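Trainee: Here's a structure for you.
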Amino acid sequence: MKIDNQRNIYRIWLSRLVMTLVFALIILVLIFVSWFDDLASGITKYHLIILVSAIYVAVNWINFLKRPYFVSYSDQGEMLVVRYYPVSMFTSRKNSIEIPKKQFAKFELKNFFFRTQQKLILIQNFRGKEAKYPPISLSSLAREDREKMLESLGKYVRA
């Protein structure tokens, strides 16, 4: 079985791009349209710019805390292969975990971001000891794909 969240990653990138363009357009309109100069409520256009900027920063901060990852999972052949990398402008590091099915011990799920998102930790038997891999955020995986992946991993857990 092969699972990846490439469509979700494209959607995340596109939504970030659109949000940035809308933010820039709103700021430009607030600066150059004279209608916002004389508001009767005492709120100036600079107050509106600060409010819009605060909303933009808050939405971006929430998206940053979710830590979306591109995740590709495959259990074909003799290996469990998970490829992943964070969806970030400044990160070019791509990671890959390849575990022989015979050495796969178990996996753990850890909740984060107010218990709304999960991180996957893979554990391998390596020379008689358990070796844990770094956590992988599953926040950008669709619910069905996440369930399929966890069900597939559950088949290979050693009792």
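Trainee: Of TYR56, TYR73, TYR46, which is the most mobile in a GNM of the chain whose springs link Cα atoms less than 10 angstrom apart?
Mentor: TYR46
Trainee: To the nearest 20 debye, what is the magnitude of the charge dipole of the chain about its Cα centre, counting +1 on the Cβ of each Lys and Arg and -1 on the Cβ of each Asp and Glu? Present the calculation step by step, with values, prior to reporting the outcome.
Mentor: Details: 24 positive and 12 negative charges, 169 e Å.
Using only the charged Cβ atoms, the result is roughly 820 debye.
Trainee: Let me ask you something else. Using Stokes-Einstein with the Kirkwood hydrodynamic radius over Cα pairs, what translational diffusion coefficient do you get for the stretch 1-40 at 4 °C and a viscosity of 1.567 mPa s, in µm²/s rounded to a whole number? Show your work: numbers first, answer last.
Mentor: Numbers: Rh = 12.8 Å.
D, rounded to a whole number, is 101 µm²/s.
Trainee: Cα-based Rg (one decimal) and Dmax (whole number) for the chain, in Å?
Mentor: Expressed in Å, the Cα Rg and Dmax of the chain come to 21.8, 74.
Trainee: What list of ³J(HN,Hα) couplings, whole Hz, do you get for the stretch 10-26 from phi and the Karplus terms 6.51, -1.76, 1.60, once you set θ to phi - 60° and write x for glycine and proline?
Mentor: 4, 5, 5, 4, 5, 5, 5, 5, 5, 4, 5, 5, 4, 4, 4, 5, 4
Trainee: Okay, next question. Run the helix sum for the chain: -39,500 (n - 2.57) per DSSP H stretch of 4+ residues, divided by residue count, reported at 222 nm to the nearest 500 deg cm²/dmol. Don't skip to the answer; put the middle values down first.
Mentor: Values: 3 runs with 62 residues, N = 159.
Counting only the DSSP helices, I get -13500 deg cm²/dmol.
Trainee: Please work out the Cα center distance from the stretch 133-154 to the stretch 87-125, rounded to the nearest Å.
Mentor: Result: 8 Å between the Cα centres.
Trainee: So which residue, out of ILE43, ILE26, ILE12, gets the largest mean-square fluctuation from a GNM of the chain using Cα contacts under 10 Å as springs?
Mentor: Maximum among the listed residues: ILE43.
Trainee: Separate question: Just to be sure I follow the rule: in the chain, considering lysines 8 or more places apart or on different chains, how many pairs have Cα atoms under 12 Å apart?
Mentor: Values: LYS2/LYS148; LYS66/LYS119; LYS101/LYS155; LYS102/LYS155; LYS106/LYS132; LYS106/LYS155; LYS110/LYS119.
Close lysine pairs found across the chain: 7.
Trainee: Compute a Gaussian network model of the chain, connecting alpha carbons closer than 10 Å, and tell me which residue from ASP37, ASP75, ASP145 fluctuates the most.
Mentor: Maximum among the listed residues: ASP37.
We did not get these values from a lab; they are worked out from the coordinates using the rules stated. Quick caveat: nothing in here was measured; it's all calculated off a predicted structure. Note that we place each Cβ from the backbone using ideal geometry, even for glycine, and neighbour counts take in every protein chain shown.
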